[in-house]
Amino acid sequence: MKAKQINRRDFLTKSSIGLVGAGAGLINSGNIIENHHFSKNSGKPFIKEYRVLGRTGFKVSDIGCGPVSISNENVLKAVLDTGVNFIDTAEFYGNGNNELMVGKAIKGFTRSSIFLNTKIGITEDDTEESIITRVKKCLERLDTDYLDGLTLWNAGSVKEVKNKTFHNAFDHLKNEGRVKFCGISCHGSSMGTEPKENMEKIIGNAIEDGRFDLVLFVYNYVQQEMGQNILKECARRNIGTTLMKTDPFGGTYLSVLEFVKNYQANNQPVPENARKVYDTIIEKQKKAESYLDKDLLFDNSARREAAISFVLNDSGVHSVLISFKTFDDITDYVNLSGARLTTNDISTIKSLKKYCDYLYCRHACGLCESYCPYGVPVNTIMRYNHYFMAQGREKYAVQKYYELEGLKSDKCLDCEGFCQTACPYGVSIHALLAVAHNNLSLKIT
């Protein structure tokens, strides 16, 4: 049964508790700091743990906020009221409107208690001066004198990690006191060309480079190996770690299940090319449903708890970034602060991995891309569909898909599925790409 919706007044009445400072009411126990500021019997959602963000020394909430796609300023204020103190945004979210909203929301909170990070994308056309100008615009929109973190967004190659123009601009801004720490994020290469540089190689080179203080990358219970290797190297170099895309099945299962059902519900025949793609995956769905309890299969709460508990169980993880969209999201995720894996979580993970693994296209992977004779950027398209399905960033995802150059996944319906044959994980990527096109080819309004 769906939980009762919580409106703004109800939420703020229950959780108007004020932002905890970076060190207030905390007891240090190594990297993990327990928060004793709030009453455990109050029933209010609050951050229970803070973790030291590597060599930055900043004590960040284990549940962070990002990417900030929140359109409601009051939702972000309510997030901050729970003790969340890591905010991740970017200059291009909402064409800068998200930074404007963040700037308004943080007023009334002690600025030094918030780790504010924004991301910028760099192209070969950028100059040191243009980057400096753009960062100053970010500061204006955020209405702050400085950034705690300035992150190089979505580095797609080792070459980008070492971008001299970006680093020179960062040094200039740091000397002026406008930025404190340097970060990098990565979704893997944009296209599977040779030589392939995956997320681990790109982030690994950033770690070895020595100029980056924090990293943002993909880690979850299905996609473990690369993330674990990155966490190990970050611990060795005392680099701050923040995570994205920690729930591998968020939104994906229902998207596949409903695609064909929508045709049937509208009494429309399923197109032959769509039926050809979906025959195999529908059989897998039936098999999964016969083994999994239906409540588990569609229990968002159990799935969410297992996903967050898995990553927070690792002390090398400093903050898990959540795209808060509603007041309900605040209760759902902040209550998982301080979570550790339980027997039930492990059971949920094992069942989902066993029977739904074929539905998760690994973020930042792209191993199948070089087998596509049409050059479809599988990794990038599936990332955009994740924004659409799991993060509720529909318009942004559709816009990014529209801007993709070359062939898109409409080509996939008539293809024999080279990517699916090449996938070492058995993912039904052929069908998932068709779902992605169905979602992302909507007319932009």
Completion exercise
For N344, the lone unmet condition from (1) modelled with pLDDT under 90; (2) loosely packed, with under 15 Cβ neighbours inside 10 Å is (1)
Practice task
Within segment 410-436, track down each residue that is touching a helix residue (DSSP H, G or I) at 6+ places or on another chain (Cβ under 6 Å), surrounded by 16 or more Cβ atoms within 10 Å (Cβ to Cβ) and part of a loop (DSSP other than H, G, I, E, B).
Solution key: G417, C423, V427, S428
Problem - Output for segment 405-438, where each listed residue is in contact with a Lys or Arg (Cβ under 8 Å, 6 or more places away or on another chain) and under 16 Å from A364 (Cα atoms) - result: Y425, V427
Exercise for the section: Could you pull out every one of the strands (runs of 3 or more DSSP E) wholly within segment 43-93 that has 1 or more residues that are farther than 25 Å from E233 by Cβ and either out of contact with any strand residue (DSSP E or B) (no Cβ under 7 Å at 6 or more places or on another chain) or not polar (S, T, N, Q) (or both)? Expected result: 63-65, 86-90
Problem - Residue among L116, L139 that is surrounded by 18 or more Cβ atoms within 10 Å (Cβ to Cβ) and outside any helix (DSSP H, G or I) - result: L116
Exercise for the section: Consider G251 carefully, then state whether it is of a type in the set (G, A, S) and modelled with pLDDT of 90 or more. Expected result: no
Problem - Yes/no for M199 being hydrophobic (A, V, I, L, M, F, W, C), within 18 Å of the chain's Cα centre (by Cα) and buried (at least 18 other Cβ atoms within 10 Å of the Cβ) - result: yes
Problem - Lone qualifier among A339, A306, A302, A397 - being more than 28 Å from F58 (Cβ to Cβ), modelled with pLDDT of 95 or more and of a type in the set (A, V, I, L, M, F, W, C) - result: A306
Exercise for the section: Considering each of N344, N385, N379 in turn, give the residue that is assigned to a helix (DSSP H, G or I) and touching a Phe, Trp or Tyr at 6+ places or on another chain (Cβ under 9 Å). Expected result: N385
Exercise for the section: Restricting attention to segment 391-409, report how many residues are surrounded by 14 or more Cβ atoms within 10 Å (Cβ to Cβ) and more than 22 Å from the chain's Cα centre (by Cα). Expected result: 2
Practice task
For A364, indicate whether it is at pLDDT below 90 and in contact with a strand residue (DSSP E or B) (Cβ under 9 Å, 6 or more places away or on another chain).
Solution key: yes
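The values are calculated or read from the model by the stated rules, or taken from the named source; none is laboratory data. What you see is a predicted model, and the numbers here were worked out from it, not measured in a lab. Using ideal geometry, Cβ is built from the backbone for each residue, glycine included, and neighbour counts are taken over all protein chains shown.
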